[in-house]
1. So for LEU177, LEU52, fewest C-beta neighbours within 10 Å to most, what's the order?
2. Report which label in (i) 23, 22, 15; (ii) 33, 20, 15; (iii) 28, 21, 15 holds the value of semi-axes √(5λ) of the Cα gyration tensor in Å derived from the coordinates of this structure.
3. Would you mind calculating the gained length between ASN199 and PHE97 on full extension (0.36 nm times residue separation, minus the Cα-Cα distance), in nm to one decimal?
4. Counting only DSSP beta bridges with both residues in the chain, what percent are antiparallel, rounded to the nearest 5?
5. Counting Lys +1, Arg +1, Asp -1, Glu -1, what net charge surrounds ARG201 among other residues with beta carbon under 15 Å of its beta carbon?
6. What FRET efficiency comes out for ARG140 versus SER82 if R0 is 30 angstrom and r is the Cβ-Cβ distance? Round to the nearest 0.05.
7. Based on other C-beta atoms within 10 Å, arrange GLU66, GLU209 from fewest to most.
8. For the residue pair ASP191 and ALA208, what label-to-label distance in nm results when each label sits 7 Å from Cα along the Cα-to-beta-carbon direction?
Amino acid sequence: MRARDAHLARGRPSTSGAARQRVCAEAARIMAEEGVNDFQLAKRRATQRLNLPEGRNLPSNHEVEEALQQYLALFHGARLVSDLGRLRAAALEAMRFLARHEPRLVGPVLTGIVTPSSEVQLHICADTPEEIALLFAEHRIPADQGERRLRFGGDRELRVPAYRFVADGVPIEVCVLTHAAARETPLSPVDGRPMQRANQREVESLLAEPNPAT
């Protein structure tokens, strides 16, 4: 049995608990190896590949994230340290460029659980999204505009403009919030709790750590 197969099989309990753990481990492997960043998509693919009924025995996003963190540490430890440093450095440069818009780093690059397909995710403040579009245009930064759904307490959902561009080979997403919306912390898609967010000084401190992946 290959090491990765053994890792997936280790410690499986019986009945539905076993199926849940298998889905969790396979979803984590899919996210680490196949460029899937969406937890629900990874779990659906895992369920299909394991020939299990869809919608049953599904682990939480938090469980999959924990399994992903373990998988990355076990099979991609050296790459993880290198990639995380590169992504955080790119995040810091983007935050300096967007400094007047109070940028905050969120997502995997902040938590340290990054895969080869992870992107830098920033939240910024602006009076209008057009202000950010003009900023990119003035600096000749080609950026695609889309949107991102953010969840807040009280089952509220907000669709915000999101600009995506690439800097030195690193994909970066910038979500534009109004000043009023930015005063409230969005909920994490992983565990439903308020997102971790870091300002420029905090990202500088992360980059100064000797081993950022631990």
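Just so it is clear, none of the values below were taken in a lab; they were calculated from the coordinates. The shown structure was predicted, so the numbers you read here are calculated from the model rather than taken from an experiment. Counting neighbours? That spans all protein chains shown, and the Cβs are built from the backbone with ideal geometry, glycine included.
1. So the residues, fewest neighbours to most, are LEU52, LEU177.
2. (ii)
3. That pair, ASN199 and PHE97, stretches by 35.4 nm at full extension.
4. On the way: 21 of 27 bridges.
So the antiparallel bridges in the chain amount to around 80 percent.
5. Numbers: positive: ARG88, ARG96, ARG104, ARG197; negative: GLU93, GLU102, GLU202, GLU204, GLU209.
Net of charged neighbours comes to -1.
6. E(calc), rounded to 0.05, equals 0.55.
7. GLU209, GLU66
8. Spacing of the two 7 Å Cα→Cβ label points: 2.6 nm.
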